[in-house]
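Read through the structure below, which is laid out as structure tokens, and then see the notes.
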């Protein structure tokens, strides 16, 4: 059986990456996707306004609060949460279609979304939590981004402590002190999780054929 056949019949996984804002999950996720072009980033919906350079349908699906709540009530999302005053959610159908092709989805979501996703697709979820090396470093990274006001940064720092208390709910926890080392660990996690027996759906048929050759 070729590698192509194995990929086509493998059970897809949902790679959840969470962290306090500024701890590096977005940069690490981008690096992982550059190493694995076949990995699909889930495009979340949000009610926050677009930042400079962000495009609707590419970075986020930008919705009004009323439209988001309408879709939420209709069961349109796998998971949703209100963070820093704005709604965020993962559209369900797009994720299902990717998994059914035996491909993987990367989700940049918080602990609330991770919990909800486990309720729907527990067997498919692989979760990683990214810790900053210190709270001082976290604040420094937030300020270097130059995207938010002092008041917003302070709010993010206050929310970071609550985020971090959920670290033990994740399959893997990585300390992001050295970006390259952390990126390498995430790469290792993805490769190993893809090889788990229950995700190799082609094995049942292959082993049956193998034993029939006795």
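The values are calculated or read from the model by the stated rules, or taken from the named source; none is laboratory data. Because the structure is a prediction, the values reported are computed rather than measured. So basically every Cβ, Gly included, is an ideal-geometry build from the backbone, and we count neighbours across all protein chains shown.
Within region 21-39, track down each residue that is assigned to a loop (DSSP other than H, G, I, E, B), closer than 16 Å to residue 137 by Cα and touching a strand residue (DSSP E or B) at 6+ places or on another chain (Cβ under 7 Å). If you could, list the steps in order and put the result at the bottom.
Residues of region 21-39 that are assigned to a loop (DSSP other than H, G, I, E, B), as a first pass: 21-24, 36-39.
When the remaining residues are screened for being closer than 16 Å to residue 137 by Cα, the result is 21-24.
Passing the criteria: 23, 24.
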- Message: Contact list please: Cβ distance under 6 Å, first residue in region 102-116 and within 18 Å of residue 24 (Cα to Cα), second residue at pLDDT 90 or above and assigned to a loop (DSSP other than H, G, I, E, B), pairs at least six apart or on different chains.
- Response: 106/39; 107/42; 111/166
- Item | Looking only at region 1-30, and only at residues there that are surrounded by fewer than 18 Cβ atoms within 10 Å (Cβ to Cβ) and at pLDDT 90 or above, the one that is farthest from residue 192 (Cα to Cα) | 27
- Message: Out of 169, 158, 100, 137, I need the residue that is surrounded by fewer than 17 Cβ atoms within 10 Å (Cβ to Cβ), at pLDDT 95 or above and either more than 14 Å from the chain's Cα centre (by Cα) or more than 22 Å from residue 71 (Cα to Cα) (or both). Which one?
- Response: 169
- Residue count, region 31-55, condition in contact with a helix residue (DSSP H, G or I) (Cβ under 9 Å, 6 or more places away or on another chain) and surrounded by 13 or more Cβ atoms within 10 Å (Cβ to Cβ), comes to 13
- Item | Search result, residues across region 84-98 that are farther than 15 Å from residue 124 by Cα and either out of contact with any strand residue (DSSP E or B) (no Cβ under 9 Å at 6 or more places or on another chain) or in contact (Cβ under 8 Å) with a residue 60 or more places away in the chain (or both) | 84, 85, 93
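I'd like to verify a number: residues in region 200-214 that are in contact (Cβ under 8 Å) with a residue 24 or more places away in the chain and part of a loop (DSSP other than H, G, I, E, B), how many?
As a first pass, look at region 200-214 and keep what is in contact (Cβ under 8 Å) with a residue 24 or more places away in the chain: 200-202, 206.
Checking which are part of a loop (DSSP other than H, G, I, E, B) leaves us with 201-202.
The number of residues fulfilling the criteria is 2.
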- Query: When you go through (1) out of contact with any helix residue (DSSP H, G or I) (no Cβ under 8 Å at 6 or more places or on another chain); (2) farther than 23 Å from residue 186 by Cβ one by one for residue 137, which number turns out not to apply?
  - Reply: (2)
- Taking the options 81, 151, name whichever one is within 16 Å of the chain's Cα centre (by Cα) and either farther than 20 Å from residue 172 by Cβ or at pLDDT below 85 (or both). 81
- Item | Checklist (1) in contact with a helix residue (DSSP H, G or I) (Cβ under 7 Å, 6 or more places away or on another chain); (2) more than 22 Å from residue 86 (Cα to Cα); (3) assigned to a helix (DSSP H, G or I) applied to residue 143, failing item | (2)
- Task: May I ask you to verify whether residue 68 is closer than 24 Å to residue 151 by Cα, surrounded by 11 or more Cβ atoms within 10 Å (Cβ to Cβ) and free of Cβ contacts under 8 Å to residues at least 24 places away in the same chain?
- Result: no
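Filter region 174-199 for residues that are outside any helix (DSSP H, G or I) and buried (at least 16 other Cβ atoms within 10 Å of the Cβ); which is farthest from the chain's Cα centre (by Cα)?
Of everything passing the filter in region 174-199, 176 is farthest from the chain's Cα centre (by Cα).
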